[in-house]
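Single-structure report; data block below.
The values are calculated or read from the model by the stated rules, or taken from the named source; none is laboratory data. It should be emphasised that the depicted structure is a prediction, and the values quoted were computed from it without experimental measurement. For neighbour counting, all protein chains shown are included, and Cβ atoms are generated from backbone atoms with ideal geometry for every residue, glycine included. Surface areas here come from the heavy atoms of the whole protein model, side chains and all, with no ligands, DNA or RNA. Shrake-Rupley method; radii C 1.70, N 1.55, O 1.52, S 1.80 Å.
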Amino acid sequence: MNPISRLSILLPYFPALVSGMLLTLAFPDHALYPVAFFALVPLWTSMASMGPRQAFSAGMVTGVSHFLTLIYWIVPCLTRFGKLNIGLSLACLVLLSLYLALYTGGFAYILNKLAPRPWLAPFWGGTVWVGLEFIRSHALTGFPWGVLGYTQSPNIGLVQMADLTGVLGISFVLLLSNGILAQAWLALGPQNRIKSIVQEQRGAWIFSLVLGIFLVAGAHAYGFFRLPHVQTWIKSAPHTKISVVQGNIEQDQKWDKAFKDFTLDRYTSLSLKACPADLIVWPETALPFYYGRDPVYSSRVDQLIRQTRTHFLLGSPAVDSQKESISYYNRAYMLNPLSMVTGTYDKTHLVPFGEYVPFQNLLWFVKKLTQAAGNFSQGRTGAVPLNFKPHKTGVLICFEILFPDISRAFVQNGADILTTITNDAWFGQTSAPAQHFSFGVLRAVENRRSLVRAANTGISGFIDPSGKILLATQLFVPAAATQDLPALSNITFYTRHGDLIGIFALVAMAMGFMIKPIKNKFRRLGQ
């Protein structure tokens, strides 16, 4: 095959490639969030001249190009800390990107296969996209990193709707915008691909266009009118002073016994600077030992707590021995000013290959990314908030901030503050810490709770119930920060009911596939 023939085969997929790149630009830390409103237009318009199979391929091109450039940080993470060679690390990135691209490929295939009327296409596009994001957030333990709605974390107006719909509702609005622009281009642009159809259904097309624009504008208007109410709640709510400590301990030093004293000395000095506070929060596994089992170092922590006379929330690995079995947990301890443990939370949603090896009997040759504490077990403490003074905080450890149901469960159980502790040292100087931080904005708005974030190497900070970032630390610098935060008790529609929009989307997709064959059958009978 000559180069010109090859080029002619690949050329139809160039718009899909552009869409993939634009999607990545919309995410932190590029912070070009407005791009999300039109990023999928090149893919969408190019599908008009494709069949379902070719559309699926185009969607795969968009997905692969997007996820390769969005989660590229997997490679340095695996090479430096997982001790994998560059070839295997790249293979892991490619395989994960191919899996995630199946959802964008599925979006293109389903939308093309259903072949909705032009005036319905934007709404069907939003429905299909949200349904697939809902599946991706739950399938195979779930991997919602890169859900489109997170691009809008800096868009304080639009994210307010999350207290009704969650992040998936924002994704729907973005797809609706992309669909409107794509259909307008197809109808009015140089191709005029669907111009005759639009002329035949002019009334329906205009109505759809107006309705779509109204919904996109209405989502922003909701935020405009909602924000003053939230600000009123914030002003009238009881406040509590919380400090976060960012130790900035290098990952390759974190579990080195020679650095135990250095680590504890740094956290001690930073905590003393953070006082006075109602609660001081240390990051995930900040203690490089098993708290309570190492008497020397545990005693030093207790002495610090009694000296500061405040509550501490500490991240530490934990081990439980029962008869012949030993279980390890990624744990958060709440200690009162007398250094007595008043509550614990064990991480329930573990990171595959980072904290445990799935199907270990089959994958016996696969080692975990971190070997410090052994294979972690799933926590059984449940979403029980931890008490400090008159307040209760729901604790989310690292990866758990990606899953809205965990935050919802804590708030339903009485949490008036949300806290996330994490160790993002794995990510290095990449865009991953900014992406990880952005999830907290949506959790705060969905539940109308202040959110506290303590990260070993950053980004640590505070987010208020409106989604406003009150403070964010720099990466890879030791830091101690204190903020006066409102503790709201309001229960939002989303907190009560969760991702109804995702369930509705799946039902609508199923109905679409059921109705289309029936319509085709009646059409053939009519001929």
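Note on residue 96: accessible area approximately 50 square angstrom, rounded to 10, probe 1.4 Å, nucleic acids and ligands left out. Our estimate of slack between residue 239 and residue 405, defined as 0.36 nm per intervening residue step minus the Cα-Cα distance, is 57.2 nm. Expressed per residue, the C-alpha convex hull volume of segment 436-521 stands at 124 Å³. Rounded to the nearest 500, the 222 nm mean residue ellipticity of the chain from helices alone is -15500 deg cm²/dmol, with -39,500 (n - 2.57) taken per DSSP H run of at least 4 residues. The share of Cα pairs per 10 Å bin across segment 22-148, counted from zero up to the longest distance, runs 13, 39, 34, 11, 3, 0 percent. Looking at the chain, identify the longest residue range that excludes and avoids all trypsin sites (Lys or Arg not before Pro) in DSSP loops having at most 14 other Cβ atoms within 10 Å. The longest such stretch corresponds to 84-292. Residue 224 sits with roughly 140 Å² accessible to a 1.4 Å probe, with DNA, RNA and ligands left out of the calculation.
If both residues of a DSSP beta bridge must be in the chain, then about 65% of such bridges are antiparallel. Compared with the dominant Cα axis of the chain, that is its longest principal axis, helix 167-188 is turned about 20°.
Sparsely packed loop sites in segment 92-176 (the chymotrypsin sites (Phe, Trp or Tyr not before Pro) outside DSSP H, G, I, E and B with at most 16 other Cβ atoms within 10 Å) do not occur.
Beyond 32 Å, what percent of the Cα pairs of the chain remain? That tail contains 46 percent of the Cα-Cα pairs.
Let me know the volume per residue of the alpha-carbon convex hull for segment 374-527, in Å³.
Dividing the Cα hull volume of segment 374-527 by its residue count gives 190 Å³.
For segment 238-281 and segment 385-438, write down the distance between their C-alpha centroids in whole Å. If you average the Cα positions of each part, the centres end up 17 Å apart. Within the chain, the longest segment free of exposed loop sites, counting GluC sites (Glu not before Pro) that fall outside DSSP classes H, G, I, E and B and have at most 16 other Cβ atoms within 10 Å, spans 1-249. Note: relative contact order over the chain, using C-alpha pairs below 8 Å and six or more positions apart, is 16 percent. Among the protein heavy atoms, those of residue 299 account for about 60 Å² of accessible surface (1.4 Å probe, every chain in place).
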